[in-house]
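A short write-up of the structure that comes next.
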Amino acid sequence: MHDRYFARHGDENHRVDHYDLTLDYRIGPNRLDGVARLTLVAVEPLSLLRLDLGAFRVSQVLVDGERVPYTHRENKLTLSAGRPLEPGEAVVAEVRYSGSPRPVRSHWGDLGWEELTDGVIVASQPIGAPSWFPCNDRPGNKASYRISVTAASAYQVIANGRLVSKSRAASGTTWVYEQDEPMATYLASVQIGRYQRAELPGTVPQSLAFPGRLAAQVKHDFGRQEHMLAVFAERFGPYPFDAYNVVVVDDELEIPIEAQGMSIFGRNHVDGRRRSERLVAHELAHQWFGNSLTLADWRDIWLHEGFSAYAEWVWSEASGDEPAGEHARRWHRRLASLPQDLVLADPGPENIFDDRVYKRGALALHALRGTLGDAAFFAMVREWTAAKRYGVVTTREFIGHAQRYAHRPLDTFFWTWLYDARLPYLP
């Protein structure tokens, strides 16, 4: 499926099954030298491969070890496949590139690789991945990754997956991570900073990276994450990845950011009083809804944000704070006072991060919980995350899945909540 909202990104004629990225980054001059090896598989007969890549200088492109002609303009790298490919045939493309990474400008601000005051943050949702590596930038094309980053030895480098090696040389320290579970391009991430590290207890390995002076506040504010993770595992199914990393950058961020197996917060989200704990819950929930289960098309973003917003209410309830029903009633009143012009299951590209997508999505799920009953609702959610684990999801699939747990047709329910702009009554 091609994404209707960002049609200039991605190519549905092929898919990438694996990215092998070798990056050398110099923080002061903001200089990135990269070698990307992509395992590409033809979906349709083709002789050209099109990738998304920002304003770098491309010095060489190889396919299966042989130089091939290419063009690179308007953030599209088009290269010869070397020979006509039939569906199912695979090649390995190697792209050598260099330059100063610049984030992708968008309606929501800068996306992708961005300089911090002292380090780097990568926050690519939804179309920022080409700011740092050549890719098939569509969320439905999930792949495995190897990410190697060399940076000055004074800095910690954190990327998706398992740290498989770390080696120091005169030129800096090289960190190599491997992400085996399929991952969307927008969730690929590298964080570079002068961080201290700490481990959290729990059955799932959890680490914190943070500026040293914030150690006490960070450890307190994330101190209930172990309990939170246990609550979500019981409600939503087992945590889908091997570990979970939290990075607190030494800059202020408008909102936290999720990546696969990782969440990134600003220093402004840490105060030693847990006043941002709902955001801790929200970003953790994205590991299930967004990272393990990833939308095929950005119009279905409520399947990410609605579930993660609802997880805030689930945590509130489980931790002895307000029950989910109180949150639902309060937010229903607020949404009723706002313009009734947003269709939850197709909000339009400029509205994918509108707060109404988050809160109306959470309300739709709470209404569905009320319709099915607690036991059936959470059984439905656990089966949803199990059946679609590491996969790609659509609203239509979710509707069909939920219907199996209901004793009556849910057509009208889903129409009013997902496809009618008017806010329905809350049961």
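The values are calculated or read from the model by the stated rules, or taken from the named source; none is laboratory data. What you see is a predicted model; the values in this text were computed from it and never measured. FYI the Cβ positions are ideal-geometry reconstructions off the backbone, even for glycines, and counts take in every protein chain you see.
The residues listed here are 360, 333, 356, 329; of these, the one that is among the basic types (Lys, Arg) and either under 16 Å from residue 235 (Cβ atoms) or free of Cβ contacts under 8 Å to residues at least 12 places away in the same chain (or both) is 333. Against the list (1) surrounded by 12 or more Cβ atoms within 10 Å (Cβ to Cβ); (2) part of a helix (DSSP H, G or I), the condition residue 412 fails is (1).
Filtering region 285-299 to residues that are in a helix (DSSP H, G or I) and buried (at least 24 other Cβ atoms within 10 Å of the Cβ) leaves only 285. Taking residues in region 156-173 that are within 19 Å of residue 33 (Cβ to Cβ) and of a type in the set (S, T, N, Q), and partners anywhere that are exposed (fewer than 15 other Cβ atoms within 10 Å of the Cβ) and modelled with pLDDT of 95 or more, the pairs with Cβ atoms closer than 8 Å and at least 6 places apart or on different chains are 173/153; 173/166; 173/167. Restricting 50, 105 to those that are modelled with pLDDT under 95 and charged (D, E, K, R) reduces the list to 105. In region 34-70, the qualifying residues are those that are assigned to a strand (DSSP E or B) and charged (D, E, K, R), and the one that is farthest from residue 16 (Cα to Cα) is 57.
If we keep just the residues of region 168-178 that are at pLDDT 95 or above and surrounded by 11 or more Cβ atoms within 10 Å (Cβ to Cβ), which is farthest from residue 23 (Cα to Cα)? If we take residues in region 168-178 being at pLDDT 95 or above and surrounded by 11 or more Cβ atoms within 10 Å (Cβ to Cβ), then 178 is farthest from residue 23 (Cα to Cα). Residues in region 334-346 that are more than 11 Å from residue 360 (Cα to Cα) and either charged (D, E, K, R) or surrounded by 18 or more Cβ atoms within 10 Å (Cβ to Cβ) (or both): 341, 346.
Among the residues of region 259-267, is there at least one that is out of contact with any strand residue (DSSP E or B) (no Cβ under 8 Å at 6 or more places or on another chain), surrounded by fewer than 24 Cβ atoms within 10 Å (Cβ to Cβ) and modelled with pLDDT of 95 or more?
So the first thing to find is which residues in region 259-267 are out of contact with any strand residue (DSSP E or B) (no Cβ under 8 Å at 6 or more places or on another chain), and the list is none.
Scanning region 259-267 turns up no residue that is out of contact with any strand residue (DSSP E or B) (no Cβ under 8 Å at 6 or more places or on another chain), surrounded by fewer than 24 Cβ atoms within 10 Å (Cβ to Cβ) and modelled with pLDDT of 95 or more.
Scanning region 178-229 for residues that are touching a strand residue (DSSP E or B) at 6+ places or on another chain (Cβ under 8 Å), in a helix (DSSP H, G or I) and within 29 Å of residue 135 (Cβ to Cβ) yields a total of 2.
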